[in-house]
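Here the structure is laid out as structure tokens; the discussion comes afterwards.
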Amino acid sequence: SAVISQKPSRDICQRGTSLTIQCQVDSQVTMMFWYRQQPGQSLTLIATANQGSEATYESGFVIDKFPISRPNLTFSTLTVSNMSPEDSSIYLCSVVSAVLNYGYTFGSGTRLTVV
Amino acid sequence: EDKVVQSPLSLVVHEGDTVTLNCSYEVTNFRSLLWYKQEKKAPTFLFMLTSSGIEKKSGRLSSILDKKELFSILNITATQTGDSAVYLCASAQGGSEKLVFGKGTKLTVNP
């Protein structure tokens, strides 16, 4: 399976600021995703990060709040903008590839606390 | 609307007990059913099931998929305190390859 390096591992941020989370994959993968897990909840898909084009966002998530970049097949960033305490969550990137028999791998996660 | 439902949501057992976790799904263009164990932040992969009736095993854990009835179970035998975690079930959609997660089952194994 692919190996994903995600950082930062955790951060405490002031409301109104922005945080950018990075994911680096050790191999080229077709599809990358960003998930959010709010406290006590399950994982919810934010968006699919598309290489060379705008990300595809799920209902309830917008580009202005969660801008995503994917400049190549091994790297992506998620920015959480203008943060409020409600953004306190674990953020996870995930990849899947037909080459990897559609196995899904997750990054180590970023625990974000907004104060 | 695509959905994955897990039961029970919470379970407390004693070491040595056997547990069965349930997962039902209704997902458009179903590709596979996945089970994960989550202890801290990142879910740890357990099983991926694509075919009905074929049991997958890894040590004390096993899982099976029923594509006719749209459900899967995860069995853990001879539970240990280290099995305490949230177990997540997710269904993968072919094409978009998105995962739809259930709410998870929180398993607590007491000594």
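Laboratory data are not the source of any read-out in this text; all were calculated from the coordinates shown. Since this is a predicted model, take the numbers as computed values, not measurements. Neighbour counts run over all protein chains shown; Cβ positions are idealised from the backbone, glycine included.
What FRET efficiency, computed as 1/(1 + (r/R0)^6) with R0 = 41 Å and r the Cβ-Cβ distance, is obtained for B:THR108 and B:LYS67, rounded to the nearest 0.05?
Once the sixth-power term is evaluated, E becomes 0.85.
Setting aside same-chain residues fewer than 8 positions from B:LYS57, which lysines have a Cα under 24 Å from its Cα?
Leaving aside lysines fewer than 8 places away in the same chain, those within reach of B:LYS57 are B:LYS37, B:LYS40, B:LYS67, B:LYS68, B:LYS103, B:LYS106.
Describe numerically, in nm with one decimal, the distance between label points set 7 Å from Cα along Cα→Cβ at A:ASN72 and at B:SER7.
Distance between label points: 5.0 nm.
How about the protein assembly as shown: what cysteines have no other cysteine beta carbon under 4.7 Å from their own?
Among the cysteines of the protein assembly as shown, those whose Cβ sits 4.7 Å or more from every other are A:CYS13.
If you consider only alpha-carbon coordinates, what radius of gyration and Dmax does chain A have, in Å?
When restricted to the Cα atoms of chain A, Rg and Dmax are 13.4, 42 Å.
Counting partner chain Cβ atoms within 10 Å of every residue's Cβ in B:92-102, what's the average?
5
Going highest first, how would you order B:75-84, A:65-74 by mean Cβ packing within 10 Å?
Going from most to least packed, we get A:65-74, B:75-84.
Length gain on complete extension for the stretch A:SER5 to A:ARG111, per 0.36 nm per residue less the alpha carbon to alpha carbon distance?
36.7 nm
Give me the inter-chain shielding for A:4-11: mean count of other chain Cβ atoms within 10 Å, whole number please.
Across A:4-11, the average partner-chain Cβ count within 10 Å equals 1.
For the pair B:THR44 and A:GLN41, what calculated FRET efficiency results from E = 1/(1 + (r/R0)^6), where r is the Cβ-Cβ distance and R0 = 22 Å, to the nearest 0.05?
Working from the Cβ atoms, E equals 0.75.
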